[in-house]
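The values are calculated or read from the model by the stated rules, or taken from the named source; none is laboratory data. Since the structure is predicted, the reported quantities are computational estimates derived from the model, not experimental observations. Cβ coordinates were reconstructed from backbone atoms using ideal geometry, including for glycine residues, and neighbour counts include every protein chain displayed. Quick note on the areas: whole protein, heavy atoms, side chains included, nothing else; ligands and nucleic acids left out. Shrake-Rupley method; radii C 1.70, N 1.55, O 1.52, S 1.80 Å.
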Amino acid sequence: MSKIRVQMAPEIEFKMDIEVPDVEADSRDYDVQQHKAEVYAEFERRLRSVFPEGLKCHTFEFGLDTGWHEGLGED
């Protein structure tokens, strides 16, 4: 059996717990946006640990949690 390469381009949302300096649960979304580089670096570090063959992120948007994922991963 030979290995193949697969390419997927999903649009996903996920939960990522991360400590960001000077940002609390009641902070404005604008305050979180000021740390975009730090958040992206952590996101990319986590993805690279799961996909060591490589990845490319075409777009990146983030903001404060809206609670849509409550119960995610509690199977």
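Filter the range 13-22 down to the residues that are surrounded by 13 or more Cβ atoms within 10 Å (Cβ to Cβ) and either in contact with a strand residue (DSSP E or B) (Cβ under 7 Å, 6 or more places away or on another chain) or among the charged types (D, E, K, R) (or both) and list them by number.
none
Out of (1) open to solvent by 90 Å² or more (accessible area, probe 1.4 Å); (2) at pLDDT 80 or above; (3) assigned to a loop (DSSP other than H, G, I, E, B); (4) of a type outside the set (D, E, K, R), what's the single condition that is false for Ala25?
Single failed check for Ala25: (2).
If I filter the range 28-50 down to residues being among the polar types (S, T, N, Q) and surrounded by 10 or more Cβ atoms within 10 Å (Cβ to Cβ), which single residue comes out as farthest from Phe62 (Cα to Cα)?
Gln34
Please determine, by comparing only the residues of the range 47-63 that are in a helix (DSSP H, G or I) and not small (Gly, Ala, Ser), which one is nearest to Met16 (Cα to Cα).
It comes out as Leu47.
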